[in-house]
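Step one of this worksheet: look at the structure below.
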Amino acid sequence: MVNPVLVEVTRGALVESRHRGMIAVADAAGGLVYAAGDIEAAVFPRSACKAIQALPLVESGAADAYDFGNREIALSASSHSGEDAHAALAAEMLGRAGRGVEDLECGAHWSFQQPVLIHQARTREMPDALCNNCSGKHAGFVCACCHQGIDPKGYTGYDHPLQAQIREAMADVTGALVGTDVCGVDGCNIPTYAVPLKALARGFARMATGEGLSPTRARAARRIIDAAMAEPYYVAGTGRACTALMEMAPGRIFAKTGAEGVFCAVLPEQGLGIALKCEDGTTRAAEAMVAAVLARLLADDAALSERLRLMADSGLKNWNGTDVGRVRAVLP
């Protein structure tokens, strides 16, 4: 199946680039509300599924034992920009379990956001693992291990007990089979599993509604979604799409990006989960796609829908500030 063009990039009056992709919007039973492209195709959700990966932290009682509030839980499901507040909170989370940066197995990198990178370069010689955009998630992993009496060493390995818990949660929430045959290694060194896009959308609807999940898992899932919506800065950061989308409609939109053009979102009021992928892995296209889908689903709120539509059809400027074109979603 050839996926449709869902985003166009113009320069002047001409289309300069086209991005193909697929989108699934589903309820907790798997009923489709909207679909485009090959939604049965298996995709690696990458960081877009971090809310699911955070379930053991909450379900095990670790979040309560270490007195984690919305900020800490949001950071545990984040791909943060490495701003000072993000790194500091990740360090604090580890400290509550008697651990430190040396326990993180995610690796270190400079921020992907240019202003933050410049600040980091001015204030430190090299980045450490707390600067990694996944350090909040990994701090949550370490804390989940410590609370359960599991040695966190090697927690990124496929055979580690924590990864078995995450694998079970991923299978339960999405309804997809996950194992070595669909496993890859993510950028932060943990296993990542390719699942059908439709199953991912259904899984996020379940995260919001609790339908199809055990009472304990349903409560934990909604707590994670609510924490992210309450503290969107700690899910991404200054100027980031995830944060902007959740700030537009507090408590009404959950949104989380992943590498290689993936985005997942939830509309709790409607009980809908959204999963999409830009086929060529381009983030700018995935951001336009998710904004366009949300604008369509929230059409009853004219003002909010218009703000989302403007995000889905945004201008391009050159380094001189001149308008040169647009990035625009063209959903069927």
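The values are calculated or read from the model by the stated rules, or taken from the named source; none is laboratory data. If you're wondering where the values come from, they're calculated on a predicted model, not measured in any experiment. Note that we place each Cβ from the backbone using ideal geometry, even for glycine, and neighbour counts take in every protein chain shown. Surface accessibility is based on the protein's heavy atoms, side chains included, excluding ligands, DNA and RNA. Shrake-Rupley method; radii C 1.70, N 1.55, O 1.52, S 1.80 Å.
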### Task
Could you provide, to the nearest whole Å², the per residue accessible area of segment 74-207 with probe 1.4 Å?
39 Å²
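Dipole of segment 5-329, Cα-centred, from +1 at each Lys and Arg C-beta and -1 at each Asp and Glu C-beta, to the nearest 20 debye? Display every interim value, and only then the final one.
Numbers: 31 positive and 37 negative charges, 113 e Å.
So the magnitude is around 540 debye.
Let me know the shape class of segment 2-52, please: from the alpha-carbon gyration tensor, a ≥ b ≥ c as square roots of the eigenvalues, rounded when a/c is under 1.5, otherwise prolate if a/b is greater than b/c, or oblate.
Values: a/c = 2.67, a/b = 1.90, b/c = 1.41.
Prolate, because a/c is 1.5 or more and a/b exceeds b/c.
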### Approximate spin-label separation residue 148-residue 299, in nm, with each point projected 7 Å along Cα-to-Cβ
4.4 nm
### Message
Counting only protein heavy atoms and a 1.4 Å probe, tell me what percentage of segment 157-285's accessible area is made up of carbon and sulfur.
### Response
50 percent
## Note on the structure
Ranking 273, 111, 130 by how far each Cα lies towards the positive end of the charge dipole of the chain (+1 on Lys and Arg Cβ, -1 on Asp and Glu Cβ), the top one is 273
### Task
Please give the contour-minus-distance gain from residue 316 to residue 125: 0.36 nm per residue of separation, less the Cα-Cα distance, rounded to one decimal in nm.
65.4 nm
### Task
Give a quick list of GluC sites (Glu not before Pro) in segment 244-293 that DSSP marks as loop, anything other than H, G, I, E or B, with at most 13 other Cβ atoms within 10 Å.
269
### Query
What's the longest piece of the chain with no exposed trypsin sites (Lys or Arg not before Pro), counting a site as exposed if DSSP puts it in a loop and it has at most 16 other beta carbons within 10 Å?
154-332
### Bins of 20 Å from zero: percent of alpha-carbon pairs in the chain
33, 58, 8, 0
### Task
Mind listing the long-range amide H neighbours of residue 43? Cut-off is under 5 Å, sequence gap 5 or more, other chains count too, H placed in the peptide plane at 1.01 Å from N.
195, 197
### Task
Give the residues of segment 311-332 whose amide nitrogen is closer than 17 Å to a point set 7 Å from the Cα of residue 11 in the direction of its Cβ.
315-328
### Count of Lys pairs (Cα-Cα under 19 Å; at least 8 positions apart or interchain) in segment 5-329
9
